[in-house]
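Here's the structure we're looking at; comments come further down.
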Amino acid sequence: MVAANDATAAEPQISAWAPLRTAVYRSLWLALLAANIGTWMQTVGAQWLLVHTSDASTLVALVQTASLLPMLLLALPAGALADTFDRRHLLIAVQLFMVAVALGLTLLTAAGRMPPALLLTLTFAFGVGQALTLPAWAAVIPELVSREQLRSASALGSISVNVARAVGPAVAGVLIARAGVAPVFGFNAVAFLVFALALARWRPGDARAVEVPERFTAALRAGGRYVRHSPTVRRLLRRALVFVIPASALWALLPLVASRRLGLGSSGYGLLLAALGVGAIVGALLLPWIRTRMTANQFLLVAGVLYGATLAVVASVRIIPVVLVALLPAGVAWVAVLANVNAEIQLFLPAWVRARGLAVYQVVQGGGQAVGAFVWGVVADFGGLVTAFYVAAVLMLIGALTSQIWPLPDLRGVIKDPAVYRPPLSLVLEPDPRIGPVLVLVTYTVRPEREAEFLAAMDHIRGFRQRTGAMRWGLFRAGETPDQLTEVYLVPSWDEHLRQHGGRLTEADQQAEDRARELAEGAPEVRHLLPAAADLAMTDHQAAA
């Protein structure tokens with residue numbers, strides 16, 4: 001179990017700009033910034049097309065839902081694809097798909113043939129592209145920067161999104177006022193093309209160390225199994241969800257606040273989003289400073305209170321400058337929570353499952369925003385805007401207080417570098433990698449005075465066996481020899497078990513197993529039970545003998 005982070009982290013402060021010194025990362029980050037600006041311009045354009053329709057509250061909120069719902073549906077398959085295939089090629093193909101969607105949206109809008117249903121459908125298509133992009137891009141970042149710079153790279157990712165959030169809506173508001181919505185969609189097509197070209201120019205130095213790619217369905221199951229059996233990842237995801245659901249009210253309903261409560265046009269709405277974006281940029285830049293002065297759980301509490309206060313101000317105040325000032329701390333809080341959670345997950349996940357684990361994080365964040373946007377739109381339709389914001393503010397404050405119940409874990413000292421399994425496999429029969437299931441038995445001899453410590457060590461082993469491939473796990477005592485304890489676990493295929501021995505085991509897992517072996521008498525006896533009808537062959541060594 002990873003301890004809660006109740007102390008100030010004694011870490012060297014690394015500048016948020018440090019990763020930009022790497023030329024490859026810098027060029028890709030700038031291209032992604034252009035794509036993010038185009039995405040925010042597209043969102044503003046889509047929402048503004050629907051502001052004056054009937055049932056505007058629900059339709060405007062559904063723009064957020066349509067763009068984020070694919071994250072809920074597709075992020076885990078996208079993570080499996082990113083861990084299975086070449087991430088660069090996958091990213092290029094997805095960007096070209098979004099160029100085509102953006103061009104179609106531009107032409108149809110210019111021709112006046114863009115009903116709400118089609119607009120939401122094409123917005124959903126953009127969401128599909130984003131769902132396929134984000135896990136692959138997040139998994140690429142550790143290949144571009146050092147581990148020490150990962151938190152700074154995460155902050156730079158937030159800066160990119162929020163610079164886009166500040167610039168994109170403002171530019172979109174001006175374009176909509178002067179030339180209509182179609183040019184906004186056209187800019188989005190160009191932005192995706194720029195990112196695709198930057199990816200095409202990038203040439204990774206070394207191929208990923210995966211001898212045989214995992215099959216897609218097996219990779220999908222393995223990713224879900226890892227998250228399901230990782231208490232640390234589940235704790236981080238829970239914290240993100242508790243924040244995102246009430247926070248999504250602001251993003252979903254801000255267009256209606258601009259038009260109905262503040263009497264603003266498209267440029268005014270862009271100004272409100274720009275205030276949120278500026279606050280988020282400030283938050284990303286302050287994040288290294290915040291980490292040296294507050295514990296993670298303290299700033300979770302402060303961020304929740306700040307965001308809840310903003311929701312209350314937006315609900316009760318009609319003075320534009322006051323609302324603009326109130327949106328700044330909301331942007332700071334948004335980044336302080338989500339950028340930190342994202343960085344912690346990146347640092348914790350081992351390389352073999354990084355894209356799939358980050359995909360689950362995107363499911364939680366994007367799915368929480370999508371579901372939250374729809375819920376807050378319905379609440380606003382039935383109870384009014386003010387009621388929706390007050391309810392969201394109360395939920396935000398309650399969620400902030402739960403940081404004392406579900407604190408962020410302390411990941412300092414957790415070693416996720418890959419390790420080599422000891423001892424190596426030595427079977428007389430060589431099974432086909434596809435056969436399964438495979439039953440593994442590991443028998444230890446343990447003295448009674450060491451049994452309590454041994455059982456505690458085996459509890460850690462149970463966790464990493466299940467995270468790396470075991471479908472079932474148990475620890476049994478032999479009735480005839482009470483000092484013998486047998487670990488039994490079931491793996492879906494021989495290939496999965498081979499991956500447990502090479503690539504999936506981390507140094508932290510290896511330390512846990514070494515501890516169990518130290519508490520036992522002698523080396524444990526290991527047996528691998530294979531299906532009786534399996535395709536088996538003698539190993540080269542046995543055949544020669």
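Bear in mind these aren't lab numbers, they're just calculated from the coordinates by the rules spelled out. It should be emphasised that the depicted structure is a prediction, and the values quoted were computed from it without experimental measurement. In this analysis, Cβ positions are derived from the backbone assuming ideal geometry, glycine residues included, and neighbour counts consider all displayed protein chains.
Some observations on this one:
- Backbone amide hydrogens, once placed in the peptide plane, bring residue 505 within less than 5 Å of 419, excluding anything fewer than 5 places away on its chain.
- Across the range 275-388, Cα pairs under 8 Å and at least six residues apart give a relative contact order of 32 percent.
- Cα-based Rg of the chain normalised by 2.2 N^0.38 Å, two decimals: 1.07
- Share of pairwise Cα separations in the range 135-197, more than 19 Å, in percent: 49 percent
- For the range 93-108, putting each phi into the Karplus relation 6.51 cos²θ - 1.76 cosθ + 1.60 with θ = phi - 60° gives couplings of 4, 5, 5, 5, 4, 6, 4, 5, 5, 5, 5, x, 4, 5, 5, 5 Hz, in residue order, rounded to whole numbers and with x for Gly and Pro.
- Multiplying the residue separation of residue 324 and residue 456 by 0.36 nm and removing their Cα-Cα distance gives an extension gain of 42.1 nm.
- Phi-derived couplings, Karplus 6.51 cos²θ - 1.76 cosθ + 1.60 at θ = phi - 60°, listed residue by residue for the range 503-515: x, 9, 6, 9, 4, 5, 5, 4, 4, 5, 5, 4, 5 Hz, with x used for Gly and Pro.
- When the Cα atoms of the range 281-418 are aligned to their principal axes, the ranges along those axes come out at 55, 32, 28 Å in descending order.
- Count Lys and Arg as plus one, Asp and Glu as minus one, and take only other residues whose Cβ is under 13 Å from that of residue 253; the net charge is then +1.
- Residue order, fewest to most beta carbons within 10 Å, for 122, 197, 276: 197, 122, 276
- The angle between the Cα long axis of helix 354-383 and the longest principal axis of the Cα atoms of the chain comes to about 40 degrees, rounded to the nearest 10.
- Cα long-axis angle, helix 116-144 against the chain (0 to 90 degrees, to the nearest 10): 50 degrees
- In order along the range 224-232, the phi-based Karplus estimate (6.51 cos²θ - 1.76 cosθ + 1.60, θ = phi - 60°) of 3J(HN,Hα) comes to x, 5, 4, 5, 4, 9, 10, x, 5 Hz; Gly and Pro are listed as x.
- Using the rule -39500 (n - 2.57) for each DSSP H run of four or more residues, divided by the residues of the chain, the 222 nm mean residue ellipticity is -23500 deg cm²/dmol.
- Computed over the range 236-276, the range of Cα coordinates on each principal axis works out to 38, 17, 10 Å, biggest value leading.
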